[in-house]
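Visitor: Sharing a structure below in structure tokens format, with a few things to ask.
The values are calculated or read from the model by the stated rules, or taken from the named source; none is laboratory data. Computed from a prediction, not measured in an experiment: that's the story for all the values here. Counting neighbours? That spans all protein chains shown, and the Cβs are built from the backbone with ideal geometry, glycine included. Please note that ligands, DNA and RNA were not included when accessible areas were found on the heavy atoms of the full protein model with its side chains. Shrake-Rupley method; radii C 1.70, N 1.55, O 1.52, S 1.80 Å.
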Amino acid sequence: MERLAEIVAQHAPTWIAVLAAGFALLVALCVSLLIRLRRMEGLWQRVRAASDDTAGAELVVQTAQQASQLAARMTAAEAQLDHLMRVLQGCVQHIGIVRYDAFEDVGGCQSFSLALLDGQRNGVVITAIYSRTDVRLYTKKMDHGRAVTQLTDEEAAAVKQAISGA
């Protein structure tokens, strides 16, 4: 169980980094599209100032086509960004772990409470109580930062650690 906690704690930052990189990429794409749109607006202003010759008409048609393509790409980028934001909210973003000795005759802090919470502070607290004869696992559901059932002091400390990021 301790290995599971280490694996979760080890890979959660990776998923967050991947989603953050995707978010940054979409923001960069949106900025790029906005810059191109501004250039096209400047081009449109020059066309309006120019005479009504054939080259001006072709330029207007090209500009309109490019604007339409940019608007479609911007809409797609915004949809992808919205999707990534919804996915990110459901990912484990807050992790807290407290190790302790549950019994006086057992040392080494083999027992632990692990809080795994998403962006809405929903998730689970996993507690493993280690004794000389066995290990017992318990889970408690978290709903918006509040436990559905009573938390032990160690579980509460793990939740507090996860939420505060300490």
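Visitor: Could you please let me know if L116 is outside any strand (DSSP E or B) and in contact with a Gly (Cβ under 8 Å, 6 or more places away or on another chain)?
Guide: On the way: outside any strand (DSSP E or B): no; in contact with a Gly (Cβ under 8 Å, 6 or more places away or on another chain): yes.
No.
Visitor: Scan A162, A157, A115, A77 and give me the residue that is crowded, with 17+ Cβ neighbours inside 10 Å, touching a Ser or Thr at 6+ places or on another chain (Cβ under 9 Å) and among the hydrophobic types (A, V, I, L, M, F, W, C).
Guide: Working: A162 fails: touching a Ser or Thr at 6+ places or on another chain (Cβ under 9 Å); A115 fails: touching a Ser or Thr at 6+ places or on another chain (Cβ under 9 Å); A77 fails: touching a Ser or Thr at 6+ places or on another chain (Cβ under 9 Å).
Step by step, each of A162, A157, A115, A77 is checked, and only A157 is crowded, with 17+ Cβ neighbours inside 10 Å, touching a Ser or Thr at 6+ places or on another chain (Cβ under 9 Å) and among the hydrophobic types (A, V, I, L, M, F, W, C).
Visitor: Ok, one more. Report yes if T54 is open to solvent by less than 70 Å² (accessible area, probe 1.4 Å), modelled with pLDDT under 85 and of a type in the set (S, T, Y), otherwise no.
Guide: Working: open to solvent by less than 70 Å² (accessible area, probe 1.4 Å): no; modelled with pLDDT under 85: yes; of a type in the set (S, T, Y): yes.
No.
Visitor: Output the residues belonging to region 131-148 that are open to solvent by 80 Å² or more (accessible area, probe 1.4 Å), without any contact (Cβ under 8 Å) to a residue 40 or more places away in the chain and outside any loop (DSSP other than H, G, I, E, B).
Guide: Here is the first cut: in region 131-148, the ones open to solvent by 80 Å² or more (accessible area, probe 1.4 Å) are 132-133, 135-139, 141, 144, 146, 148.
If we keep only those that are without any contact (Cβ under 8 Å) to a residue 40 or more places away in the chain too, we end up with 132-133, 136, 138-139, 141, 144, 146, 148.
Selection gives R136, Y138, T139, K141, R146.
Visitor: So, one more: Go through L114, L151 for me and flag whichever is of a type outside the set (S, T, Y), over 19 Å from Q89 (Cα atoms) and touching a residue at least 60 places away in the same chain (Cβ under 8 Å). Step through it out loud before you land on a result.
Guide: Values: L151 fails: touching a residue at least 60 places away in the same chain (Cβ under 8 Å).
So the residue among L114, L151 that is of a type outside the set (S, T, Y), over 19 Å from Q89 (Cα atoms) and touching a residue at least 60 places away in the same chain (Cβ under 8 Å) is L114.
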